[in-house]
Amino acid sequence: MIRKLKPDDPKIIEGILSTTPNFSDEEIKVAMELVNIVAMNPQQTDYNLFVYEENGIILGYHCTGKRPLTDGVYDLYWIVTNPEHGKKGIGKKLLEHAENFVNEMNGRWLLAETSSKDSYSATRNFYMRNNYSIISEINDFYSKGDGMIVFGKYFNHKNN
């Protein structure tokens, strides 16, 4: 089941983030800033956070929001699955949920930024397998030798 964030979820999400090998303490801190914004102010609309829950256990989440100053571009800020629960298709289900959310909002683009480091190759392959294109690359973005790769998927709304 995929549902909106509940008040008790942030602690569990922090635990998932801390068991994800790719994430540094700084990255976890940034991810938790968004989680806490949603948890403390459920009426805000900048960040939309949904968790994947199975048998009462949270196994992942995505945080998606409309990019400021655009009329239909959305960012996939975070998509994370619990590494202890293996490859069960949870990431794909979360990504499809994010795409459906963007479609429901009449969004044109869903963008996802990631690192060019070797340790993020599985993430990059995930986007490619799910029909995302590389929209842009910036070398040495995060740090020397660590570029940013922006993946995107375009949604064509026939009525717009």
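The values are calculated or read from the model by the stated rules, or taken from the named source; none is laboratory data. Remember, predicted model here, so these are calculated numbers, not experimental data. With ideal geometry, Cβ positions are generated from the backbone for all residues, glycine too; neighbour counts draw on all protein chains shown.
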Filtering the stretch 69-102 for residues that are modelled with pLDDT under 95, of a type in the set (D, E, K, R) and either in a strand (DSSP E or B) or surrounded by 19 or more Cβ atoms within 10 Å (Cβ to Cβ) (or both) leaves a count of 0
| message | Any residue that is touching a residue at least 40 places away in the same chain (Cβ under 8 Å), more than 22 Å from Ala39 (Cα to Cα), in contact with a Gly (Cβ under 6 Å, 6 or more places away or on another chain) and in a loop (DSSP other than H, G, I, E, B) - is there at least one of those in the stretch 108-121? | response | yes
In the set Val30, Val38, the lone residue that is modelled with pLDDT of 95 or more, over 22 Å from Ala122 (Cα atoms) and among the β-branched types (Val, Ile, Thr) is Val38
When (1) over 14 Å from the mean Cα position of the chain (by Cα); (2) assigned to a loop (DSSP other than H, G, I, E, B) are applied to Ile12, the one that fails is (2)
Restricted to the stretch 80-103 and to residues being in contact with a strand residue (DSSP E or B) (Cβ under 7 Å, 6 or more places away or on another chain) and small (Gly, Ala, Ser), the residue farthest from Phe50 (Cα to Cα) is Gly91
Those residues of the stretch 15-33 which are without any contact (Cβ under 8 Å) to a residue 40 or more places away in the chain, of a type in the set (Gly, Ala, Ser) and part of a helix (DSSP H, G or I) amount to Gly15, Ser18
Selection from the stretch 34-54 of residues assigned to a helix (DSSP H, G or I) and either surrounded by 11 or more Cβ atoms within 10 Å (Cβ to Cβ) or in contact (Cβ under 8 Å) with a residue 40 or more places away in the chain (or both) yields Leu34, Val35, Asn36, Ile37, Val38, Ala39
If we ask which residues in the stretch 41-52 are closer than 14 Å to Arg3 by Cβ and at pLDDT below 95, their number turns out to be 1
